[in-house]
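Below you'll find the structure, written out as structure tokens, and then a few comments.
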Amino acid sequence: MTPAKDPWMLEQLSQLPGVRYCLVITSDGLVETHTDEIDRDRADPVAAACSALLAGASAVEEVAGFEGSFQQNFSQWSDGFLFVRRAGDHTCLAVATDADINAGLIAHAMAERIKQIGESTLSTPARA
């Protein structure tokens, strides 16, 4: 893990009202870093599930006629949300929240944090 992928980069997001935890994951489902609110045993299956969401979005991309790159996925449950946003090449930022949040604020804060850190810093090399 590079210094840029240490948990400090997620602190701003994790302090937003209603945020449960944050993860930086590779597109193939590996955890790069996570906040203290989620332990590694729980972070690993969340990362794998987020990878599956990304794979599903990619499968729909061509059929639906989209030509641009994936940007974000937003899933809702009765008691919370999961935001998954592209953070760089082969890397995504995932944020789980409570139900009583401002979704626009969370999505905007994620985009701003990625911009501050830099997509090139967050990118993960493709695996052979």
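Of the residues GLY29, GLY80, which single one is surrounded by fewer than 19 Cβ atoms within 10 Å (Cβ to Cβ) and within 21 Å of LEU16 (Cα to Cα)? Break it down stepwise before answering.
Numbers: GLY29 fails: within 21 Å of LEU16 (Cα to Cα).
Every option except GLY80 fails the conditions.
Read through the list (1) in contact with a Cys (Cβ under 9 Å, 6 or more places away or on another chain); (2) touching a residue at least 60 places away in the same chain (Cβ under 8 Å); (3) polar (S, T, N, Q), then give the number of the only condition that THR91 fails.
The failed condition is (1).
I'd like the full set of residues that are at negative phi and not in a strand (DSSP E or B), limited to the stretch 68-95.
Passing the criteria: GLY68, SER69, PHE70, GLN71, SER78, ASP79, ASP89.
Could you pull out the residue among ALA94, ALA109 that is surrounded by 14 or more Cβ atoms within 10 Å (Cβ to Cβ), at pLDDT 90 or above, in contact with a Leu (Cβ under 9 Å, 6 or more places away or on another chain) and closer than 18 Å to ALA55 by Cα?
Values: ALA109 fails: closer than 18 Å to ALA55 by Cα.
Exactly one of ALA94, ALA109 is surrounded by 14 or more Cβ atoms within 10 Å (Cβ to Cβ), at pLDDT 90 or above, in contact with a Leu (Cβ under 9 Å, 6 or more places away or on another chain) and closer than 18 Å to ALA55 by Cα, namely ALA94.
Kindly indicate whether LEU122 is at pLDDT 95 or above and in contact with a helix residue (DSSP H, G or I) (Cβ under 8 Å, 6 or more places away or on another chain). So that I can check it myself, show each step before the final result.
Numbers: at pLDDT 95 or above: no; in contact with a helix residue (DSSP H, G or I) (Cβ under 8 Å, 6 or more places away or on another chain): yes.
The answer is no for LEU122.
In the stretch 52-67, is there at least one residue being touching an Asp or Glu at 6+ places or on another chain (Cβ under 7 Å), surrounded by fewer than 19 Cβ atoms within 10 Å (Cβ to Cβ) and not in a helix (DSSP H, G or I)?
Within the stretch 52-67, not a single residue is touching an Asp or Glu at 6+ places or on another chain (Cβ under 7 Å), surrounded by fewer than 19 Cβ atoms within 10 Å (Cβ to Cβ) and not in a helix (DSSP H, G or I).
The values are calculated or read from the model by the stated rules, or taken from the named source; none is laboratory data. Computed from a prediction, not measured in an experiment: that's the story for all the values here. Positions of Cβ are backbone-derived with ideal geometry, glycine not excepted, and every protein chain shown enters the neighbour counts.
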